[in-house]
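The values are calculated or read from the model by the stated rules, or taken from the named source; none is laboratory data. Here the structure is a predicted model, which is why all the values come from computation and not from measurement. Please note: Cβ atoms are built from the backbone with ideal geometry, for glycine as well, and neighbour counts cover all protein chains shown. Please note that ligands, DNA and RNA were not included when accessible areas were found on the heavy atoms of the full protein model with its side chains. Shrake-Rupley method; radii C 1.70, N 1.55, O 1.52, S 1.80 Å.
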Amino acid sequence: FCYIICNSKKRFWKVGGEMKFLGREQEREKLHRVLGKNCRTVSLIYGRRRVGKSELIKQILRESDIPGIYYECKQTTELHNVDSLAVLIAGQFNLPKPAFGNMEEVLEFLFQRTCQEKLIIVLDEYSYLRDCIKGIDSILQSLIDKYDDISFIKLILCGSYVGIMKSLLYNENPLYGRVDVTIHLKPMDYFESALFYPEFSDDDKVRLYSVFGGIPYYNRLIDPTLTVRENMIELIASPGARLENEVSMYLKSEISRIINANEVFDALSRGFSKYSDILSQSHVSSGPAMVDVLDKLIRMEMVEKQAPINDENNRKKVGYYILDNLSLFYYRYVFRYLSQMNVMETEVFYDRYIREDFETKYVPHAFETICKQYLVRLNRRGLLEEPFEKIGKYYYDDPVGKRNGEFDIVTKDSKGYIFYEAKFRREPVSEEMIREEIGQVENTGLCCYKYGFFSMSGFTAKEEEDLILITLKDVYAG
């Protein structure tokens with residue numbers, strides 16, 4: 001690899017065709033702190049596939065002065081894994097290849113070796129070792145305890161099966177209490193994702209995020225020489241596109257009844273979020289089957305379960321939403337119109353089945369998510385006048401209009417509620433539009449002490465004491 005340092009944050013930019021490393025500043029600092037300790041440490045890193053766990057660890061190894069062995073565990077036998085790791089050990093210590101009989105002997109050797117020197121040992125996809133080696137958690141626990149005060153090993157366990165990796169932290173697991181730092185690596189937010197495509201305008205950054213989300217693997221495929229439309233067609237919305245089968249392959253690797261998952265995603269992509277609506281709109285055979293697939297999708301971090309912030313314990317008001325933007329785009333446009341896509345010219349297909357809905361409905365909805373993430377960023381950095389305790393949907397009953405519904409972005413702090421409206425449209429937001437929106441909110445009975453508005457195209461209205469006006473430039477200013 002060939003890298004150059006481009007700024008004080010040590011982000012790496014593309015040189016000679018290789019990819020730059022971007023973002024994950026907090027996670028990198030956290031790992032470097034634990035690696036800097038003058039004792040043995042155990043780190044646990046987990047998260048869904050493609051989220052960038054392995055690249056984060058490799059970057060840490062590049063940045064650290066401590067030598068390291070990075071081993072990606074294989075779905076093979078114990079002896080195959082032992083042999084592969086022995087090759088890396090021989091190379092690291094300039095030794096003839098050691099003859100180990102099992103994984104316990106390999107790990108014992110590494111723990112003994114680190115009594116004299118610091119060494120980072122990475123076991124990536126650790127769950128594969130658990131599959132082929134009975135009691136590997138207990139073996140590790142025994143070695144950690146045995147060498148607790150004399151080893152300088154820096155052990156990093158990493159995995160994509162979120163449920164399995166989380167179980168290492170349970171009190172019934174032998175490794176309970178032995179992990180020094182845990183990182184649940186999640187998709188990047190809109191701001192870090194935009195670091196992958198700085199050449200695009202702010203409104204195009206919203207469009208790109210709405211399709212490719214916060215997964216680094218997807219974002220690094222975006223071609224800055226192409227338009228947003230051309231990137232969408234080339235990467236996902238055309239036969240044989242690079243990411244055309246990405247979603248289905250991921251689901252098949254984790255879910256046996258892929259048909260049920262397809263049915264649920266199709267209903268969710270069409271805007272149905274309540275359990276009863278999803279069940280009636282899909283062809284899932286039964287309620288228990290529906291619960292099973294939803295639970296699996298939630299564990300895979302593909303779907304999230306949301307309740308309104310003003311009625312969190314009401315199960316009837318819980319909604320289910322697709323978390324992964326690529327999955328949402330795929331099921332809304334590609335999966336639904338797959339037959340048409342395969343027999344039509346790509347530009348014609350895009351214009352007929354994607355273009356208008358994408359611009360007028362899909363992206364504005366994604367913009368709401370971006371606005372929430374922006375508020376969370378400010379809240380975490382202490383940049384809001386009044387930090388909020390909750391952010392999310394607000395359920396209302398409208399006695400005047402004799403209807404009920406939800407507001408998508410509402411925060412609650414010590415002073416009360418703030419309502420936010422996100423406008424992703426070409427015309428600026430006017431005073432008249434603001435007052436009309438506030439009037440509609442007041443008619444539902446929601447009492448707010450301030451009102452916030454996000455606008456892609458700016459404002460003709462002026463900010464007042466009870467108004468917060470936020471432009472797209474503000475959102476991407478950091």
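Points to keep in mind about this one:
- The range 421-478: C-alpha pair distances exceeding 13 Å, %: 60
- Note on the range 125-181: with charges restricted to the Cβ of Lys and Arg (+1) and Asp and Glu (-1), its dipole about the Cα centre is near 100 debye.
- Carbon/sulfur fraction of accessible area - the chain, other protein chains in place, 1.4 Å, %: 47
- Charge-dipole axis of the range 255-377 as Lys and Arg at +1 and Asp and Glu at -1 on Cβ define it, positive-most pick from Gln340, Pro308, Phe358: Pro308
- Column: log10 I(q)/I(0), Debye, Cα scatterers of the range 58-145, q = 0.15 Å⁻¹: -0.56
- The angle separating the long axis of helix 78-93 from the principal Cα axis of greatest extent in the chain is about 80 degrees.
- In summary, the lysines within cross-link reach of Lys462, defined as a Cα separation below 17 angstrom excluding same-chain residues under 8 places away, comprise Lys423, Lys450, Lys473.
- Long-range HN-HN contacts of Ala241 with modeled amide H, under 5 Å: none
- Listed by chain and number, the lysines placed with their C-alpha closer than 16 angstrom to that of Lys58 are Lys10, Lys20, Lys30, Lys154; residues fewer than eight positions away on the same chain are left out.
- Cβ-derived FRET efficiency at R0 35 Å, Glu117 paired with Ser256, nearest 0.05: 0.15
- Distances between placed amide hydrogens fall under 5 Å for Lys274 paired with Tyr320, all partners being 5 or more residues away or on another chain.
- Magnitude of the charge dipole for the range 322-478, about its Cα centre and with charges confined to Cβ atoms of Lys, Arg (+1) and Asp, Glu (-1), is about 500 debye.
- Most to least packed among 40-52, 414-426 [average Cβ atoms within 10 Å]: 40-52, 414-426
- The chain: relative contact order in percent, alpha carbon pairs under 8 Å with at least 6 residues between: 11
- Site pair Lys415 and Leu169 shows an inter-label distance of 3.4 nm when each label is modelled 7 Å from Cα along Cα→Cβ.
- Selection from Tyr476, Asn443, Phe453, by position along the positive dipole direction of the range 396-478 (Cβ): Tyr476
- Our coupling estimate for the range 164-171, obtained by passing each phi through the Karplus curve with A = 6.51, B = -1.76, C = 1.60 and θ = phi - 60°, is 5, 5, 4, 5, 5, 8, 6, 5 Hz, Gly and Pro reported as x.
- Calculated P(r) of the chain - Cα pairs past 36 Å, %: 40
- Folded to 0 to 90 degrees: helix 258-269 orientation relative to the chain principal axis, Cα: 40
- Charge dipole (Cα centre; +1 on Lys/Arg Cβ, -1 on Asp/Glu Cβ; no other charges) of the chain amounts to roughly 860 debye.
- Modelled this way, with points 7 Å down the Cα-to-C-beta line, the labels at Asp180 and Glu431 are 6.1 nm from one another.
- C-alpha long axis of helix 25-35 to longest principal axis of the chain, angle in °: 20
- Packing rank of 196-204, 138-146, 122-130, where each peptide gets the mean count of other beta carbons within 10 Å, highest leading: 122-130, 138-146, 196-204
- Computed from backbone phi with θ = phi - 60° and the Karplus coefficients 6.51, -1.76 and 1.60, the 3J(HN,Hα) list for the range 222-237 is 5, 9, x, 7, 9, 6, 4, 4, 5, 5, 4, 5, 5, 9, 9, 9 Hz; x is used for glycine and proline.
- Derived scalar couplings ³J(HN,Hα) [the range 272-280; Karplus, 6.51 cos²θ - 1.76 cosθ + 1.60; whole Hz; x for Gly, Pro]: 7, 10, 7, 3, 5, 5, 4, 5, 6
- Taking all Cα pairs closer than 8 Å and separated by 6 or more residues, the relative contact order of the range 323-417 comes to 18 percent.
- With the charge dipole of the range 157-270 set up from +1 on Lys and Arg Cβ and -1 on Asp and Glu Cβ about the Cα centre, the Cα lying farthest toward the positive end among the listed residues Met165, Ser210, Tyr250 is that of Met165.
- Helical runs assigned H by DSSP (4 residues or longer) give the chain a calculated mean residue ellipticity at 222 nm of -11500 deg cm²/dmol, each run adding -39500 (n - 2.57) before division by the residue total.
- Accessible surface of Thr444 - all protein chains present, 1.4 Å probe, nearest 10 Å²: 20
- Amide H partners (placed H, <5 Å) of Gly416, local residues excluded: none
- Counting only aspartates and glutamates at least 8 places from Lys412 when in the same chain, those with an alpha carbon closer than 14 Å to its own are Asp311, Glu312, Glu385, Glu386, Glu389.
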